[in-house]
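Worksheet for the structure shown next.
The values are calculated or read from the model by the stated rules, or taken from the named source; none is laboratory data. All values reported here derive from a predicted model rather than from experimental measurement. Backbone-built Cβ (ideal geometry, glycine too); neighbour counts: all protein chains shown. Each accessible area value is taken on the protein alone, full model and side chains, heavy atoms only, with ligands, DNA and RNA left out. Shrake-Rupley method; radii C 1.70, N 1.55, O 1.52, S 1.80 Å.
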Amino acid sequence: MAIRTIITPENPLLRKRALRVTDFGSGFQTLIDDMVETMLDAPGVGLAAPQVAMPQRMFVARLPDDEEAKKEYGKLAGVLFVFANPELIKVSKEKVEGVEACLSIPGYAGKVDRYERIVIKGQDRHGKEFRVKADGWLARVFQHELDHLDGRLYIDIAKEVWEQKPDEEQVAE
Ligand code: ZN
């Protein structure tokens, strides 16, 4: 495994619409493993393939598994999600405001409205279809990563963006 470089908006690849994953072979397996390592090293709770300059519809995500996360997310805390060709198939009427940061935009955070609850489907690392019902922070992370696959960044839709203070803690994705 290897840690890959996370690109920033200066690199136009971050703004490209990513292509569907069709090859689940060894190159794709390596990309997944590298992205998981890169995400955990950053550290972040999500990472989309375009962020490591790979224009493919794929992201990885993992919420922390500390006590607080376990209380709130139960068995979804600490679960590693790998989504290829993800699609939202159901969203709540309500959106909720929350704070987000992005590994591709270090040092900043912003307020973004996201669907409170979603059902998302996709393929796992071997191409097998699955779906996940998510709410709260996990639903937010999934929506943030989905946007990356269409070249969209949270700063495009944020109601407010600010530079983080050194002591401000915000997990990025
Ligand atoms: Zn991001």
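For GLY46, the residues 5 or more places off, or on other chains, whose built amide H falls under 5 Å of its own are ARG62.
The order of ARG57, ARG17 by accessible area, most exposed first and with a 1.4 Å probe, is ARG17, ARG57. Computed per residue of the chain from DSSP H runs no shorter than four, each worth -39500 (n - 2.57), the mean residue ellipticity at 222 nm is -7000 deg cm²/dmol. Rounded to a whole number, what % of the accessible area of region 12-163 do carbon and sulfur atoms account for, probe 1.4 Å? About 50 percent, which is the carbon plus sulfur part of the accessible surface. Each part reduced to its alpha carbon centroid, region 38-65 and region 79-116 end up 13 Å apart. Sequence-ordered 3J(HN,Hα) estimates for region 82-98 from the Karplus curve with 6.51, -1.76 and 1.60 and θ = phi - 60° stand at 10, 10, 10, 6, x, 9, 6, 10, 7, 9, 6, 5, 7, 10, 10, 8, x Hz, glycine and proline given as x. Shown here are the Rg and Dmax of the Cα trace of region 23-173, at 14.7, 43 Å.
Using the Stokes-Einstein relation with a Kirkwood hydrodynamic radius computed over Cα pairs, the translational diffusion coefficient of region 1-106 at 20 °C and a viscosity of 1.002 mPa s comes to 142 µm²/s. This model, with +1 at the C-beta of Lys and Arg and -1 at the C-beta of Asp and Glu, gives region 12-163 a dipole about its Cα centre of some 700 debye. Simple rule: put +1 on each Lys or Arg Cβ and -1 on each Asp or Glu Cβ in the chain, find the dipole, and look at ALA42, LEU31, VAL132; the Cα lying farthest toward the positive end is VAL132. Each Cα pair under 8 Å and six or more residues apart adds its sequence gap; the mean of these over the residue count of the chain is a relative contact order of 25 percent. Taking 7 Å steps out from each Cα toward its Cβ at GLU68 and GLU94 produces label points 2.2 nm apart. Label sites at ASP41 and GLU10, each approximated as a point 7 angstrom past Cα along Cα to Cβ, lie 2.0 nm apart.
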